[in-house]
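Heads up, the thing below is written out as structure tokens.
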Amino acid sequence: MTDVTDDARALDAAARRAADLVSDGARVGLGTGRAAAAFIAELGARVRRGLHVVGVPTSRASEALAREAGITLVALDETLELDVTVDGADEVSPHLDLLKGRGGALVRERIVAAASKRQVIVVGPEKLVRALGERGPIPVEVVPFGIGPALRAVKALGLAATVRASAPTDNGNATIDCVPPEPIADRPGARALERALRAIPGVVDTGLFLGTAERVLVGHPDGRVDDLRSEGA
């Protein structure tokens, strides 16, 4: 079993590397979850040392952390293009495709990532998988009115599906956790599934973030950080 302290050290190492990538005057997307929280803390430390940045949080939780860290926050309007978004991931495939959203913030994470020039992902080594869905379900955010038909449509695609019992997302929607018959190892298969899920009426977004990450920083408890780059990065 992985030691919790080791997990924290690994994320802290990767978060420090990610914070070092942020230049003065940058506009930064702030992800959600443990890895993003570590990054927000590191970025806040740089801000207190004189770095000037503005941030756009992807959740109420990240907004609270950023305010506590002293990071100036701005609204994501039509004129704002972000320089970089730093976030975590639940799973990272060998091609740097991602599975995200088990923390419930996938829609806002998608919007902020799409508004950014670059997406940098911070993880520990346990998040690296051979195939997406290897460590858990694929989250799908659905408007409450469409839960029943969406469940039926997801199951018709051959996936097991359950409605998450936790509180609604920050958008007031429900989450359906979907489990494919086996983990998705091939990229065309992942893209086909994403298209099929998005086509279901009432589905807002899925946790399949395919081809969005420019870099994945993999921290280790001893302080090492592996810098994985997407093709063409």
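Quick one: putting +1 on the C-beta of Lys and Arg, -1 on the C-beta of Asp and Glu, what dipole do you get for the chain around its Cα centre, in Debye to the nearest 20? Numbers along the way, then the final one.
Details: 29 positive and 32 negative charges, 55 e Å.
Roughly 260 debye for the chain.
Which whole-number percent gives the relative contact order of the chain, counting Cα pairs below 8 Å spaced six or more residues apart?
Details: 511 pairs, mean separation 56.1, N = 233.
Answer for the chain is 24 percent.
3J(HN,Hα) along segment 185-194: 8, 9, 5, x, x, 5, 5, 5, 5, 4 Hz, from the Karplus curve 6.51 cos²θ - 1.76 cosθ + 1.60 with θ = phi - 60°, whole Hz, x for Gly and Pro.
Once R0 is set to 30 Å, what does the formula 1/(1 + (r/R0)^6) return for the Cβ-Cβ distance between ALA75 and LEU21, expressed as a FRET efficiency to the nearest 0.05?
Details: r = 24 Å, r/R0 = 0.79.
Approximately 0.80, to the nearest 0.05.
Angle between the Cα long axis of helix 4-20 and the longest principal axis of the chain, 0 to 90 degrees, nearest 10? For 4-20 against the chain, the angle is about 70 degrees. Under 5 Å between amide hydrogens, built in the peptide plane, is the criterion, and for THR162 it picks out ASP177 among residues at least 5 positions away or on other chains.
Could you work out the local net charge near GLU81, counting Lys and Arg as +1, Asp and Glu as -1, over the other residues with Cβ closer than 9 Å to its Cβ? Write out the running numbers ahead of the final one.
Working: positive: ARG27, LYS117; negative: ASP83.
Net of charged neighbours comes to +1.
Within the listed set GLU91, GLU68, GLU42, the residue fluctuating most in the Gaussian network model of the chain (springs between alpha-carbon atoms under 10 angstrom) is GLU68.
Please get the size of the charge dipole for segment 138-205, origin at its Cα centre, with Cβ charges of +1 on Lys and Arg and -1 on Asp and Glu, quoted in debye to the nearest 20.
The calculation lands at about 200 debye.
Taking Rg and Dmax of the Cα atoms in Å as calculated from this structure, the corresponding entry among (1) 18.4, 59; (2) 17.3, 54; (3) 20.7, 72 is (2). Given R₀ = 22 Å, what would the calculated FRET efficiency be for ALA114 paired with VAL225, taking r from the Cβ atoms and rounding to 0.05? Calculated value: 0.25.
Neighbour counts of C-beta atoms inside 10 Å place ASP227, ASP97 in the sequence ASP227, ASP97, starting with the fewest. Using θ = phi - 60° in the Karplus curve 6.51 cos²θ - 1.76 cosθ + 1.60, the 3J(HN,Hα) couplings for segment 65-74 round to 5, 5, 5, 5, 7, x, 8, 5, 10, 9 Hz; x is entered for Gly and Pro.
Can you tell me how segment 106-185 classifies by the Cα gyration tensor, rounded, prolate or oblate, using a/c under 1.5 as the rounded cut? Judged from the Cα gyration tensor, segment 106-185 comes out oblate (a/c at least 1.5, b/c at or above a/b). Under 5 Å between amide hydrogens, built in the peptide plane, is the criterion, and for THR32 it picks out GLY88 among residues at least 5 positions away or on other chains.
Rounded to the nearest 0.05, what FRET efficiency do GLU68 and ALA8 have when you use their Cβ-Cβ distance and R0 = 25 Å? Intermediate values should be presented prior to the final figure.
Working: r = 18 Å, r/R0 = 0.73.
Working from the Cβ atoms, E equals 0.85.
Excluding same-chain neighbours fewer than eight residues apart, the lysines reachable from LYS155 by a Cα-Cα span under 24 Å are LYS100.
Amide hydrogen proximity for THR85: with H placed 1.01 Å from N in the peptide plane, the residues at 5 or more positions away or on another chain lying under 5 Å are GLY29, ARG118, GLN119, VAL120. Here segment 1-64 and segment 154-233 have alpha carbon centers that stand 22 Å from each other. In the chain, taking the dipole from charged Cβ atoms about the Cα centre, the farthest positive-side position among ILE200, ALA69, VAL86 is held by ILE200.
Just so you know, all these numbers are worked out from the coordinates, no wet-lab data involved. As the structure is a computational prediction, the values presented were derived from the model and not from experiment. Note that we place each Cβ from the backbone using ideal geometry, even for glycine, and neighbour counts take in every protein chain shown.
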